[in-house]
Amino acid sequence: MSERKASPEEAPETRGRTIRFLARFYDAASWLMSFGRGAAMNRDIVEMAGIQPGERVLDAGCGTGAQTFPAAARAGVADVTGIDASPEMIEIARRKARKKGLDVDFRVAAAEDLPFGDGEFDVVLSGFMLHHLPADVMRKVFTEVRRVLKPGARFLAVDMSSRGSLVGHIIRLCGHAHSAEGVEHMKQILEEVGFREVADLDTKYKDLVFLRAKKAND
């Protein structure tokens, strides 16, 4: 058996779950779990974030770039950055960018220790990452997201939910979806770390939770 090729970058220390060896199967698994609606769903996520041309956007936990690329199409490639703790996922995202001819800034980093200065971004996205995090790490992530946002800027987090969905309940049994109580707890944490206007958005995606929050003007 041939030895697995070493990752080009070192993975950061994190207690969140990361997808590494199975990264090569992630896009196919996502397509199956979304029943083929992933591309449209990712465009809708970016639209709900209200991203405008020229806004600085961070995709925290970007995976293989599912939301990063549509965000870049709206904001501009030079204004979008994607980070993920898995070097393997980032390598796939970079490979996709090269095929598309796009110079997207993809970096290996943990969302609870963002390598950016205070107030750099107008929008932070987080897609399908939060269920990988223990509660205390999630709090650190929300605190870091608030730190890198400009005053008045916004955060949109999307994840799977078990509310009102048989598929969601099944996914939750595998540890990949939030209960109604879990959603309320996330909203509470967002408010505790200093976000305002925290809202659980009503969308056509009943097996997903969309949480939008705004950084108060300091």
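The values are calculated or read from the model by the stated rules, or taken from the named source; none is laboratory data. This is a predicted model, so every value here is computed, not measured. Reconstructed Cβ throughout: ideal geometry from the backbone, glycine too, with neighbour counts over all protein chains shown.
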What single numbered condition from (1) more than 26 Å from Ala135 (Cβ to Cβ); (2) out of contact with any Ser or Thr (no Cβ under 9 Å at 6 or more places or on another chain) fails to hold for Thr14? (1)
If I filter segment 67-90 down to residues being under 11 Å from Thr18 (Cβ atoms) and among the acidic types (Asp, Glu), which single residue comes out as surrounded by the most Cβ atoms within 10 Å (Cβ to Cβ)? Asp84
Selected residue [assigned to a loop (DSSP other than H, G, I, E, B), modelled with pLDDT under 95 and either farther than 22 Å from Ala72 by Cβ or not aromatic (Phe, Trp, Tyr) (or both)] from Gly168, Gly164: Gly164
Do we find that Leu58 is part of a helix (DSSP H, G or I) and either modelled with pLDDT under 95 or in contact with a helix residue (DSSP H, G or I) (Cβ under 7 Å, 6 or more places away or on another chain) (or both) in this structure? no
Specify the residue that is modelled with the lowest pLDDT; the eligible residues are those in segment 171-184 that are surrounded by fewer than 14 Cβ atoms within 10 Å (Cβ to Cβ) and of a type outside the set (Gly, Ala, Ser). Leu173
Go through Asp44, Asp122 for me and flag whichever is under 21 Å from Ala199 (Cβ atoms) and assigned to a strand (DSSP E or B). Asp122
Picking from Gly117, Gly152, the residue that is assigned to a strand (DSSP E or B) and surrounded by fewer than 21 Cβ atoms within 10 Å (Cβ to Cβ) would be Gly152
Would you confirm whether or not segment 149-160 contains a residue that is closer than 22 Å to Arg43 by Cα, among the charged types (D, E, K, R) and touching a residue at least 24 places away in the same chain (Cβ under 8 Å)? yes
Checklist (1) surrounded by 15 or more Cβ atoms within 10 Å (Cβ to Cβ); (2) under 30 Å from Gly152 (Cβ atoms); (3) more than 15 Å from the chain's Cα centre (by Cα) applied to Arg94, failing item: (2)
